[in-house]
1. In region 66-129, which strands (runs of 3 or more DSSP E) lie fully inside it and hold 2 or more residues that are in contact with a helix residue (DSSP H, G or I) (Cβ under 7 Å, 6 or more places away or on another chain) and surrounded by 20 or more Cβ atoms within 10 Å (Cβ to Cβ)?
2. Between a residue in region 167-193 that is over 14 Å from Gly135 (Cα atoms) and any residue that is of a type in the set (D, E, K, R) and exposed (fewer than 12 other Cβ atoms within 10 Å of the Cβ), which pairs come within a Cβ distance under 9 Å, given they are 6 or more apart or on different chains?
3. Give the residues of region 126-166 that are in contact with a Leu (Cβ under 9 Å, 6 or more places away or on another chain), under 15 Å from Lys205 (Cα atoms), in contact (Cβ under 8 Å) with a residue 60 or more places away in the chain and not small (Gly, Ala, Ser), sorted by residue number.
4. Take the conditions at pLDDT below 95 and out of contact with any Pro (no Cβ under 8 Å at 6 or more places or on another chain) and apply them to Val51. Does it pass?
5. Do the conditions hold for Ile36, that is, is it of a type in the set (A, V, I, L, M, F, W, C), in a strand (DSSP E or B) and within 30 Å of Gln144 (Cβ to Cβ)?
6. Please tell me if Lys155 is over 20 Å from the mean Cα position of the chain (by Cα) and part of a strand (DSSP E or B).
Amino acid sequence: MSKIIHLLIVSLLFPIVGIAQESAPLLIRAYYHNPIKPVADLYIADQTGQVVPLGLVMERLSAPQLTLPTNGSLMLFKNKAVDLKNPQAALAASAPIPADWKKVIVMIFPASAQTDDATYRILLINDAPNAFKKGESRVINLTQASAALQAGEHKISLPSGKVAELPAVKKVNEYNVAQTNFYHKEGEDWVAFTERQLQFLDTTKRIFLVYLTPGSTQPFVTTLVDNTPEFIPKPVK
């Protein structure tokens, strides 16, 4: 009988646990990329449910913010006038969040050249210390072309519209510098469009963005450098 009672208690508590997990705040940092229109006004629901500005900063990742996921998704809004029970009218972009992700880097891009400026697409990077380690890099290919990266001992392909992982580079010189080349395919040939010497340190993470601008004949690369210390949010009193 005691076993049956125990099972009943667990079954009654399970939905409550599920609700708590659904409403658990998510720690995010964000970056908006649009060479044509480099400023965007976006909003999120903070850890209390209040809609607040997303603190975007030009040319670098924003400061950490806590947000409440909605129905298992990260949601960005066009303005502060949001009904969180029916957020679609104010929705600018959304993306599902894997259940075990607690810290996320949010990469924000225009949905396309043909859509309204208030419509965006987002890619998420797991920013947990054991998922995106110091010394590693992530690469996002925003073009439709086949692309690749060679950095030190690593050669990786860069699928279009995806986040590619570059492990820590160990083949460096005495200054921790390694040759870092980006390639795209022209016909049957791989052609380098960016060749750099970069310093790779175990205190720094990088995010590379490969993109085109209107009228450009070859891609460009933007680099975000992240050497910020670990952020521990304070609980809401």
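1. Correct list: 73-77.
2. What qualifies is Gln179/Glu195; Thr180/Glu195; Asn181/Glu195; Phe182/Glu195.
3. Selection gives Asp127, Lys134, Glu136, Arg138, Val139, Ile140.
4. Answer is yes for this residue.
5. no
6. Yes; evaluated as a whole, the condition is true for this residue.
The values are calculated or read from the model by the stated rules, or taken from the named source; none is laboratory data. Quick caveat, the model's predicted, so the values are computed rather than measured. FYI the Cβ positions are ideal-geometry reconstructions off the backbone, even for glycines, and counts take in every protein chain you see.
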